[in-house]
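Colleague: Attaching a single structure in C-alpha cells format; questions to follow.
The values are calculated or read from the model by the stated rules, or taken from the named source; none is laboratory data. These figures come from a predicted structure and were not determined experimentally. FYI the Cβ positions are ideal-geometry reconstructions off the backbone, even for glycines, and counts take in every protein chain you see.
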Amino acid sequence: MSEPTAPSPAPEPEPLWRHLVGESLRERRHDLGEKLTETAGRAGVSPQYLSEIERGVKEPSSEMIAAVAGALGLTLVDLTLDVAERLRPPASAGAQPAAHRSAFALAA
C-alpha cells in the first residue's frame, strides 16, 4: 500500500481589483511626488477618500476612478493595463500559454 500523499496547497486567491487599482494610483502619485491633498483637489475628492481608494478600502465608482486617474495624468486604458500586469503571475510561476495572455491583454 502506498502512503497517502499530502494535499497540494490551495492556490493563493487573486487580489481584489480595488486593491490593485489603489496600489497603481498610489505609486503613480508617489512617482509624481504629489501629496494626497494635491491629487485629491484636482480629482474633486477629499484627501481621506483618496487615501481609502489607494488602500483598497473603498470600492470607487468608475467616475471616481476616472477622476483620480485623470488628476494623475493617466487614462483609464493606462490604469487598466497596469492593473492587468499586476494580475499576471510572475514568469517564474509558470508561463501561461501565449493565446491566454493575448486574450487577457485584449480584454483589458
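Colleague: Within the stretch 4-33, restricting attention to residues that are surrounded by 12 or more Cβ atoms within 10 Å (Cβ to Cβ) and acidic (Asp, Glu), which residue is nearest to the chain's Cα centre (by Cα)?
Modeller: Only one residue tops the list, namely 23.
Colleague: Hand me the list of helices (runs of 4 or more DSSP H) wholly inside the stretch 23-101 holding 1 or more residues that are closer than 27 Å to residue 12 by Cβ, touching a helix residue (DSSP H, G or I) at 6+ places or on another chain (Cβ under 7 Å) and at pLDDT 95 or above.
Modeller: Fully inside the stretch 23-101 and qualifying: 47-54, 62-71, 76-87.
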